[in-house]
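Read-outs: derived from the displayed coordinates by stated rules, not from any lab. Keep in mind it's a predicted model, so treat the numbers as computed, not measured. Every residue, glycine among them, receives a Cβ derived from its backbone with ideal geometry; neighbour counts consider all protein chains shown.
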Amino acid sequence: MNERFSASGLMNPFFPDEITFGEKGVTFKVRKLFRSNDNFVFYSDISGVEIDSGMFFSTIRIIPRMRPEIIINNFTKGDAKKVKELILTKVQA
């Protein structure tokens, strides 16, 4: 299961955030102008997923156990819902 989701290019065309699903966990790549931050979280370490939806785009908030939350911006509402469903399916398995 190596699915990958990228944030919308409209808000940040050169450095979109990415979410990549692996066998044991999820990698969240949050990009900025001169740096990027990769966070790998095991499915078993995720305690919750929240979605904040705006008019066009959504923010995904991952709540891991024992670590600060991870915030990924500018995903389409459909992609945000799919990411949440995939994570919750793996967390409950």
Checklist outcome for this item: Amide H proximity to residue 17 below 5 Å, modelled H, separation 5+ or other chain, gives 7, 31
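Say a site is exposed when it is one of the chymotrypsin sites (Phe, Trp or Tyr not before Pro), sits in a DSSP loop, and has at most 13 other Cβ atoms within 10 Å; what is then the longest site-free stretch of the chain? If you can, show how the numbers build up before the last one.
Numbers: sites that count: 14, 34, 56.
Longest gap between qualifying sites, sites excluded: 57-93.
Per-residue counts of other Cβ atoms within 10 Å, averaged by peptide: what ranking do you get for 83-90, 64-71, highest first?
Numbers: 83-90: 16.9, 64-71: 12.4.
Peptide ranking by packing, descending: 83-90, 64-71.
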Item to check | About the Cα centre, charge dipole magnitude for the chain (Lys/Arg +1, Asp/Glu -1 at Cβ), debye | outcome: 100
Item to check | Relative contact order for segment 4-92, counting Cα pairs under 8 Å that sit 6 or more residues apart, in percent | outcome: 23
Checklist entry - In whole Hz, what ³J(HN,Hα) sequence does segment 19-33 give by Karplus (6.51, -1.76, 1.60; θ = phi - 60°), x for Gly and Pro? => result 10, 10, 8, x, 5, 10, x, 10, 10, 10, 10, 9, 9, 10, 4
Checklist entry - Sequence-distant or interchain residues sharing an amide H contact under 5 Å with residue 47, placed H: which? => result 63, 65
Checklist entry - Amide H to amide H, which residues 5 or more places from residue 40 or on other chains are under 5 Å from it, using H placed in the peptide plane? => result 28
Next on the checklist: What are the ³J(HN,Hα) couplings of segment 48-53, residue after residue, when phi is run through the Karplus curve with 6.51, -1.76, 1.60 and θ = phi - 60°? Round to Hz, x for glycine and proline.
Outcome noted: x, 9, 10, 10, 10, 9
Next on the checklist: Using helices alone, I'd like the mean residue ellipticity at 222 nm for the chain: each DSSP H run of four-plus residues gives -39500 (n - 2.57), total over residue count, nearest 500.
Outcome noted: -5500 deg cm²/dmol
Next on the checklist: Just to confirm a number: summing +1 for Lys and Arg and -1 for Asp and Glu over residues other than residue 45 whose beta-carbon lies under 9 angstrom from that of residue 45, what do you get?
Outcome noted: +2
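Expressed in whole Å with the largest first, what are the equivalent ellipsoid semi-axes of segment 4-92 derived from the C-alpha gyration tensor as the square root of 5 times each eigenvalue? Display every interim value, and only then the final one.
Values: eigenvalues 81, 45, 25 Å².
They are 20, 15, 11 Å, listed from largest to smallest.
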